[in-house]
């Protein structure tokens, strides 16, 4: 079997979101927030979510100290685009679909399918999942920072 | 330089492909590959000599014990230990340092005392001291580094003014490649009344180590970074210190007599080797030492320094590449970043061309904070690396730049 092509991992949309991440901002007034850590590489994400009623009215993220590889940063960026303005239940469903895709299942909807190439690079799956686990924790109102080493299916 | 064309065939793993390319293994600071002689020594041990050591009255058990103790003798000679009794086999550097912290540290460090480490230490030479200091109400003092990645000697001097009980530092930095003046640091620490603990994980595989001339008190090393098996390693210590220390693990082998409510201890080093030891690891380490001695540690050091010099020269010709660590003399460790490409992405891209490097914080988070980076990419060399490997590294780094359209920073 020939090794997977780098172009499948670093698809243009991923490179684009890495270079110009969307919703790359602090929301000081956010009523939900979560922190995600990947202790293996030291990557960190801070996620800010504003939930009004059942809807994610605004969302932003930061990656302190220039941390965050292209995969984790683009994943966070595309995630924030995908869930902004959506009901909380839809965001949770996208989280499930995204996880299932990286675990070998069907492609997640829309632009999130760009991460299907990550499946062929097992060492990078945690990078793609980090923001989504942080979102899940924020929506669950979990005070504990999520880490790639505690979530069993990272 | 070493004759890598003769060395490479000794390493079975180097004959295989990585993602369809020649395997370019440049993560030797994490672990080294193993020559056939080490692999064979382990197979031979299990095929012909396996039995439990230090207790059997039959010939096979004597053979196993002899094989195990021969490895201790070889290691004692290799680092010029104070004696065979000053060589305690452990699982590696981490366990060796934990042994010192738990035994010497718990006995001698108390409330208000100070333990000194450096900002370039590996987590394995920081965290055991943090645990000790928190337990005892002692203070951990971290010595700063200079701009060019050396231990700041004036800050080291200031740290010694607190009359620390323990001063711990790495001989060679795994993150920067700095070769520290270990004998000088040890002398200064002794003058301040401290015992010294040297992390030898990155020095023992790469340069001639003589613990007696370093005159440290404890020296920790790992076998797997020097061609030996994982799970092999040792604490080298002054026998008088070991004699006075309480045991680390209780169990079989480490006792002299056991009564209902108390025990007396075996002689050193056995006092610190409770339970059935990892004989296969010791035997493999012995074979690794024989291989290294046949090449000569001075020649190995020269070979790696030349590769590091060449790698730095070629990498810094690429606009946007920053190399970290001291200018001039350094070990074969080359940490770098490339523009705004995250080191993890670099490592993934290089791997497509068969080039294996490490990306991340290298278990030195306090150092990374001081460098102002979350992570670096790190190429590290050993005896089987050659100029072709450097070509492959540099070519793959350039490719990464093209893919990401590097914004040189």
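Has the stretch A:47-60 got at least one residue that is in contact with a helix residue (DSSP H, G or I) (Cβ under 9 Å, 6 or more places away or on another chain) and within 12 Å of chain B (Cβ to nearest Cβ)? No, that holds for no residue. Residues of the stretch B:259-272 that are assigned to a loop (DSSP other than H, G, I, E, B) and surrounded by 16 or more Cβ atoms within 10 Å (Cβ to Cβ): B:266, B:268, B:269. When restricted to residues that are in a helix (DSSP H, G or I) and more than 10 Å from chain B (Cβ to nearest Cβ), the stretch A:15-33 contains 2.
Considering only residues in the stretch B:241-258 that are in a loop (DSSP other than H, G, I, E, B) and in contact with a helix residue (DSSP H, G or I) (Cβ under 7 Å, 6 or more places away or on another chain), the one that is surrounded by the fewest Cβ atoms within 10 Å (Cβ to Cβ) turns out to be B:246.
Checking the condition touching a residue at least 24 places away in the same chain (Cβ under 8 Å), part of a helix (DSSP H, G or I) and surrounded by 15 or more Cβ atoms within 10 Å (Cβ to Cβ), which residue from B:102, B:61 passes? Checking each option against the conditions leaves just B:102. Looking across the stretch B:372-383 at every residue that is crowded, with 22+ Cβ neighbours inside 10 Å and outside any strand (DSSP E or B), the one that is nearest to the other protein chains (Cβ to nearest Cβ) is identified as B:374.
How do the helices (runs of 4 or more DSSP H) wholly within the stretch B:131-222 filter down when requiring 3 or more residues that are touching a strand residue (DSSP E or B) at 6+ places or on another chain (Cβ under 9 Å): which remain? Let's see the steps before the verdict.
Values: elements: B:153-160, B:182-191, B:211-214.
Result: B:153-160, B:182-191.
Modelled with pLDDT of 95 or more and either touching a strand residue (DSSP E or B) at 6+ places or on another chain (Cβ under 8 Å) or closer than 30 Å to residue B:130 by Cα (or both): is that true of residue B:66 in this structure? Spelling it out, it is not the case that residue B:66 is modelled with pLDDT of 95 or more and either touching a strand residue (DSSP E or B) at 6+ places or on another chain (Cβ under 8 Å) or closer than 30 Å to residue B:130 by Cα (or both).
Given A:86, A:73, which one is away from chain B (no Cβ under 14 Å) and free of Cβ contacts under 8 Å to residues at least 60 places away in the same chain?
On the way: A:73 fails: away from chain B (no Cβ under 14 Å).
When all the criteria are applied, what remains is A:86.
Mind checking whether some residue in the stretch B:5-24 is part of a loop (DSSP other than H, G, I, E, B), modelled with pLDDT of 95 or more and surrounded by fewer than 16 Cβ atoms within 10 Å (Cβ to Cβ)?
First, the residues of the stretch B:5-24 that are part of a loop (DSSP other than H, G, I, E, B): B:11, B:16, B:19-20, B:23.
Narrowing the set further to residues that are modelled with pLDDT of 95 or more leaves B:11, B:23.
Subset that is surrounded by fewer than 16 Cβ atoms within 10 Å (Cβ to Cβ): none.
No, the stretch B:5-24 has no match at all.
Just one of the listed residues (A:42, A:104, A:117) is at positive phi and within 14 Å of another protein chain (Cβ to nearest Cβ), and it is A:42. Scanning the stretch B:105-114 for residues that are crowded, with 20+ Cβ neighbours inside 10 Å and closer than 24 Å to residue B:212 by Cβ yields a single hit, B:105.
When the stretch B:109-130 is examined, which residues are found to be in a strand (DSSP E or B) and within 20 Å of the chain's Cα centre (by Cα)? If you could, list the steps in order and put the result at the bottom.
Residues of the stretch B:109-130 in a strand (DSSP E or B): B:114-118.
Listed by number, the residues that qualify are B:116, B:117, B:118.
The values are calculated or read from the model by the stated rules, or taken from the named source; none is laboratory data. Note that the structure is a prediction, hence the values are computed from the model and not measured. Note: ideal-geometry Cβ built from the backbone for every residue, glycine included; neighbour counts use all protein chains shown.
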